[in-house]
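Chemist: Structure provided below as structure tokens; questions to follow.
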Amino acid sequence: MKLPGHRFELRIYYEDTDHGGVVYYANYLKYMERARTEFMRCLGIDLGLLQHDDGVLFAVTEAHVHYRRPARFNDALCVVSSLGCAKGARLGFHQAVLRGSELLVDGEIHLACIDTEGRARRIPQAVLTTFAQAVKQPAPRGMRS
């Protein structure tokens, strides 16, 4: 299965697995978080600078995740991320976790743009522009589709 979007690769270690020898379900959310962060970094969006310079953070508000097959110790996985929506204070991503061509987990993750006090805030125009350009143009260097 070849999906379009940013690809983030990782390997499964013993620390990722539960007593049954499969990846603990909550760890997939961590992998998706890392993949979203790297996706934005590849687009030139530095979340640390957004927080420091603009007082902007992104917080997960919804996670709709479908667990289809388990990953196990030493598996090489790829998390594919693509932008679903970016409007107002809402940001959405489609994400899938693959082992080779096999779909293990997929989901929709929604984030809210908030200020440092936790209040909703519009996504900065520069971020919206960056996402709009990424959707319309070929993937920037460092992003594979």
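The values are calculated or read from the model by the stated rules, or taken from the named source; none is laboratory data. Worth saying up front: this structure is predicted, and the values here are computed from it rather than measured. Here Cβ is always computed from backbone atoms with ideal geometry, including for glycine, and neighbour counts include all displayed protein chains.
Chemist: Condition check: among the hydroxyl-bearing types (Ser, Thr, Tyr) and at pLDDT below 95. Does Thr130 satisfy that?
Modeler: So Thr130 fits the description; yes.
Chemist: Let me ask you something else. Restricting to the stretch 41-64, name every residue that is touching an Asp or Glu at 6+ places or on another chain (Cβ under 8 Å) and surrounded by 16 or more Cβ atoms within 10 Å (Cβ to Cβ).
Modeler: Val56, Leu57
Chemist: Just wondering, is there one or more residues in the stretch 104-124 that are farther than 30 Å from Asp18 by Cα, assigned to a strand (DSSP E or B), under 16 Å from the mean Cα position of the chain (by Cα) and not basic (Lys, Arg)? Let's see the steps before the verdict.
Modeler: Restricting attention to the stretch 104-124, the residues satisfying the condition of being farther than 30 Å from Asp18 by Cα are 112-124.
Imposing the further condition that a residue be assigned to a strand (DSSP E or B) reduces the set to 112-115, 120.
Restricting the remaining residues to those that are under 16 Å from the mean Cα position of the chain (by Cα) gives 112-113.
Within this subset, residues satisfying the condition of being not basic (Lys, Arg) are 112-113.
There is at least one residue in the stretch 104-124 that is farther than 30 Å from Asp18 by Cα, assigned to a strand (DSSP E or B), under 16 Å from the mean Cα position of the chain (by Cα) and not basic (Lys, Arg).
Chemist: Could you please find all residues in the stretch 73-100 being surrounded by 14 or more Cβ atoms within 10 Å (Cβ to Cβ) and among the charged types (D, E, K, R)?
Modeler: Looking only at the stretch 73-100, we keep the residues that are surrounded by 14 or more Cβ atoms within 10 Å (Cβ to Cβ), and these are 73, 75, 77-84, 86, 89-99.
Once the filter is applied, which keeps residues that are surrounded by 14 or more Cβ atoms within 10 Å (Cβ to Cβ) and among the charged types (D, E, K, R), the stretch 73-100 yields Asp75, Arg90, Arg99.
Chemist: Would you confirm whether or not the stretch 54-61 contains a residue that is modelled with pLDDT under 95 and closer than 18 Å to Thr129 by Cα?
Modeler: There is at least one residue in the stretch 54-61 that is modelled with pLDDT under 95 and closer than 18 Å to Thr129 by Cα.
Chemist: A further question follows. I'd like to check something: does the stretch 62-85 contain any residue that is farther than 19 Å from Leu103 by Cβ, at pLDDT below 95 and out of contact with any helix residue (DSSP H, G or I) (no Cβ under 6 Å at 6 or more places or on another chain)?
Modeler: yes
Chemist: May I pose another question? Identify, please: which residue in the stretch 5-53 is touching a residue at least 60 places away in the same chain (Cβ under 8 Å) and in a loop (DSSP other than H, G, I, E, B) and is, among those, farthest from Ala134 (Cα to Cα)?
Modeler: Ranking the candidates gives Tyr13 first.
Chemist: Using beta carbons and a limit of 6 Å, which pairs, at least six apart or on different chains, have the first residue in the stretch 54-74 and of a type in the set (Ser, Thr, Tyr) and the second one modelled with pLDDT of 95 or more and part of a strand (DSSP E or B)?
Modeler: Sorted first by the residue in the stretch 54-74, then by its partner, the pairs are Thr61/His110; Thr61/Ala112; Tyr67/Val105.
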